[in-house]
Amino acid sequence: MNDQRQRRIDTLSQAARRKSEAKTKAAETAIRTLVKHGKSVTFQAIQREAGVSHSFLYTHPTLRECIEHLRRQHQAAAAPAPAAAGAAESNIVLALTAEITRLKKQLRDNDKALRDALAQAHGENLDLRRELARRGLPRTAPAETE
């Protein structure tokens, strides 16, 4: 029974993953189409063009960053000119590069926080060992892992 349940879960997970990938591809194609035709890249325009929900676009970090970047770029241009197909891919690359940079910074920050927490835990462990020694209690060997 458990094996059958797990297969159903795996099948549903794969279907959800494929659906998400298809939506992502449709949104990326819509972005390229809008940029190619010199149209404003907005969440609403992508939703209409790709047939995806606002929720999907807003919760997909890479797509969201790309759309926001292109929207800002379009708003900043006084007289927007139609972009070439290569420019659309370049814009996507820029948005993805910005997302990678943000994620790397987040990873560095998380790594530092974890290292600080580990150092604090080591310090507390040392304090507890010293307290045990002061009270004359026997030290126990560290637990062995299998």
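Before moving on, here are some points about what is shown:
- Rounded to whole numbers, the Karplus 3J(HN,Hα) couplings from phi for the stretch 9-18 are 4, 4, 4, 5, 5, 5, 5, 5, 5, 5 Hz, using 6.51 cos²θ - 1.76 cosθ + 1.60 with θ = phi - 60°, and x at Gly and Pro.
- Net lengthening on full extension, Ala15/Lys36 (0.36 nm per residue, minus Cα-Cα): 4.4 nm
- FRET efficiency, 1/(1 + (r/R0)^6) with R0 35 Å, evaluated for Gln73 and Asp109 via beta carbons: 0.80
- Net charge of neighbours whose Cβ lies under 9 Å from the Cβ of Ala95, counting Lys and Arg as +1 and Asp and Glu as -1: -3
- Whole-Hz ³J(HN,Hα) from phi, Karplus 6.51 cos²θ - 1.76 cosθ + 1.60, for the stretch 42-56, glycine and proline x: 10, 4, 5, 5, 5, 4, 5, 5, 9, x, 10, 7, 4, 4, 4
- Estimated inter-spin distance, Ala133 and Thr29, nm [label 7 Å along Cα→Cβ]: 6.9 nm
- Inter-site label distance for Ala87 and Ala119 at 7 Å from Cα along Cβ, in nm: 4.9 nm
- Shape category assigned to the chain from the gyration tensor of Cα positions, a/c cut at 1.5: oblate
- Our note on the geometry: Cα centres of the stretch 1-40 and the stretch 85-106, 20 Å apart.
- Computed accessible area, His60, all protein chains, 1.4 angstrom probe, square angstrom: 40 Å²
- Spatially close lysines, pair count over the chain: Cα under 25 Å, gap of eight or more or interchain: 6
- Computed accessible area, Glu89, all protein chains, 1.4 angstrom probe, square angstrom: 110 Å²
- Length released on extending from Tyr58 to Gln4, taking residue separation times 0.36 nm less the Cα-Cα span: 16.0 nm
- Asp109 accessible area, 1.4 Å probe, all protein chains in place, Å² to nearest 10: 80 Å²
- Whole-Hz Karplus values for the stretch 27-34 come out as 5, 5, 5, 4, 4, 4, 5, 4 Hz, taken residue by residue from phi with 6.51 cos²θ - 1.76 cosθ + 1.60 and θ = phi - 60°; glycine and proline positions read x.
- Using C-alpha pairs below 8 Å separated by at least 6 residues, the relative contact order for the stretch 1-134 is 22 percent.
The values are calculated or read from the model by the stated rules, or taken from the named source; none is laboratory data. Remember, predicted model here, so these are calculated numbers, not experimental data. Quick reminder, even Gly has a Cβ in these numbers, built from the backbone with ideal geometry, and neighbours come from all protein chains shown. SASA here: full protein model, heavy atoms, side chains in, ligands and nucleic acids out. Shrake-Rupley method; radii C 1.70, N 1.55, O 1.52, S 1.80 Å.
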